[in-house]
Every structure is written in C-alpha cells, then in structure tokens.
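The values are calculated or read from the model by the stated rules, or taken from the named source; none is laboratory data. All values derive from a computational prediction rather than experimental measurement. Neighbour counts are summed over all protein chains in view; Cβ atoms, including those assigned to glycine, are modelled from backbone coordinates with ideal geometry.
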Amino acid sequence: MARRRDPEQHAARRRAILQAAAGCFAEKGFHQTSTADLCAAAGTSPGNLFHYFPSKAAIIAALIDQEADDTAAWFAARADGRAAGDPVADLLAFLDLVLDLATDPAFVRLALETSAEASRDSLVAVRVAHNDSRLQTALRERLQAAADQGRIDPALDPATAAAWIGVLIDGLFNRVSLDPAFRPADQRATLHRMVLRFLVAGEAAMGNGTMSDGATVVTGEPS
C-alpha cells in the first residue's frame, strides 16, 4: 500500500527547494545554474528534485508565482478583520516592505534576472506579466479606497497612479544594482514624502494636513 503524502511536509519541502533555487539563480543566473547546483543547494537528489518540479523552467515559474502569492497574502493580511481600513497606510507599509527587500542583494539580483529572462522567454514573460497584474490590482484597489475616503487627489486615476508606483518599485531595484552608495534603508522618509505628495491634492501636498475640501490627510510619515 502506497504511503499517504503529508501535504504540509510536501509544501514545506517544495518551498525549501524554491528557496535554495532562488539563491542559486541569484548567484549564477538561470542559464548558468545546473541541476547539480540545485541539488547541492537543496540537499537532495535529481530524482527527488524532479519529483517536486519536472524541470528547471518549472522552478523558475514557481518562484515567480510564489512572489505573486506572497504579495497577495500580504495585502490580504492587511485587510483581514477591517472594514474600510487605512489604504494610505497600506500603500506606505508595502513600500517599506519593498525597501526592505531591496536591501537584500540576492533578492535584487534575482528580481533583475527574472526581468531580463522575461525579455527572452515568452513563458516567463507571461508569468511576470500575470504577477505584475496582480500587484497592480492590489495597488489600484487601495488607491480607489483612498479616493473614496477623500484621502487622495480625486483627479488621479487609480490605475495610472498604480502604474507609476510600479515604476518607482522597478526603478528602485535598478538603482540599487547600479549605485553601491544608494542605501534603500535610508530612503524611507523620502519615498513616503514623494508618494504622498504625488497622491494628495492641493494644500495637503504642501504639508498642512488637509485636503482642499477640508478632509484630514493622515500621512503616517515620520516627523
């Protein structure tokens, strides 16, 4: 009789393999990483590796999907148990998370490697585009909620604003890779200020804390 698989153990082992693979890909790139490299990093045999993933391409796809799932879970956790919540605080907290990720050289290299591979491999491009679409949806929903609460400039289109926040995120990883002196951890207050001045309208953008219609803007920016 075949032994029944433990779903939690299977998921944990799968995630451990992905973590090991991410380190390999960040160090050597997708194409320079061999099956032997993956097995050594994960502490497993080729047969066991391919039990979880049928190919190296499947591992790359799973890493992209995992990032999308982790991002979706983060936004879901922020909304859990709250009615309207604080969409502006959610946006700033997410940007803080991105800054934290940008302090990890391996994460930055993997992000750039994935972006480059998307320009060469149509299947990776589809996965990356789907990932980006999920992020844009989450950002757009928070921006729409902020607009409904009168927290941001009503003239801003949430979809366009979400796209520009995405541009900031993409540009951050490129800046980190190009400029060794750029320290993301030191840029928190500046990034908050830039985004808030982009999002809020009229006098609120000048720092007096109110919208043109008198509604209070809670920025959450460090004093």
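Looking at Leu112, Leu143, Leu135, Leu139, just one residue is of a type outside the set (D, E, K, R) and over 15 Å from the mean Cα position of the chain (by Cα), and that residue is Leu143. Scanning region 143-184 for residues that are more than 20 Å from Asp86 (Cβ to Cβ) and charged (D, E, K, R) yields a total of 5. Of all the numbered requirements in (1) without any contact (Cβ under 8 Å) to a residue 40 or more places away in the chain; (2) surrounded by 13 or more Cβ atoms within 10 Å (Cβ to Cβ); (3) outside the structural domain of Arg140 (by TED's automatic domain parsing), Ala11 misses one, and that requirement is (2). Does Gln66 count as assigned to a helix (DSSP H, G or I) and surrounded by 14 or more Cβ atoms within 10 Å (Cβ to Cβ)? It is true that Gln66 is assigned to a helix (DSSP H, G or I) and surrounded by 14 or more Cβ atoms within 10 Å (Cβ to Cβ).
Set side by side, the residues Ala61, Ala106 differ, and just one is in contact with a Leu (Cβ under 9 Å, 6 or more places away or on another chain), assigned to a helix (DSSP H, G or I), assigned by TED's automatic domain parsing to the domain that holds Arg197 and farther than 30 Å from Arg197 by Cα, which is Ala61. Consider Gly202 carefully, then state whether it is on the phi > 0 side of the Ramachandran plot and at pLDDT below 90. The answer is yes for Gly202.
The criterion of being farther than 19 Å from Ala68 by Cβ and at pLDDT 90 or above holds for Leu156.
Every residue, every condition in (1) among the aromatic types (Phe, Trp, Tyr); (2) within 16 Å of the chain's Cα centre (by Cα), yes or no:
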position: Asp69; (1), (2): no, yes
position: Pro87; (1), (2): no, no
position: Asp100; (1), (2): no, yes
position: Phe107; (1), (2): yes, yes
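Listed conditions (1) free of Cβ contacts under 8 Å to residues at least 60 places away in the same chain; (2) in the same structural domain as Ala189 (by TED's automatic domain parsing); (3) in contact with a Phe, Trp or Tyr (Cβ under 9 Å, 6 or more places away or on another chain) are all met by Ala76, apart from (3).
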